[in-house]
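Here's the structure we're looking at; comments come further down.
Values quoted throughout were computed directly from the atomic coordinates according to the rules given, and no laboratory measurement underlies them. Bear in mind that the values here come from a model prediction, so they are computed numbers and not experimental data. Here the Cβ positions follow ideal geometry from the backbone for every residue, glycine too, while neighbour counts run over all protein chains shown.
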């Protein structure tokens, strides 16, 4: 995944997104910690399931993995520990990625996300 001039500030996420297993581990850990605070938890989980679905085209996986990697980074533009505002940058990055690849996030991905939230547990491994 190349880093372009317009991606200034996203280099750590770009590097992390290249290591799928690291993204998966970090995502599960962070998601469990902050799930209750995230108004966009269902969209985030649907993106996660889409990113790790074998049927998803590679360019879509790369876009979503970049957004998810940005979410799991401990340091970003707006620190996640700030009340209310902490996840606004994460939500913006995720919303942009989802908007670009929305046709690839299937009803099955969304249903898996809803089911995981209903269970209140970490996301199950998506079929890779």
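Of note:
- Extension gain for the segment residue 114 to residue 59, taken as residue separation times 0.36 nm less the Cα-Cα distance, is 17.3 nm to one decimal.
- Protection-proxy order for peptides 24-31, 102-109, each taking the mean of Cβ atoms within 10 Å per residue, highest first: 24-31, 102-109
- Residue 19 paired with residue 99, simple spin-label distance in nm, labels 7 Å along Cα-to-beta-carbon: 3.1 nm
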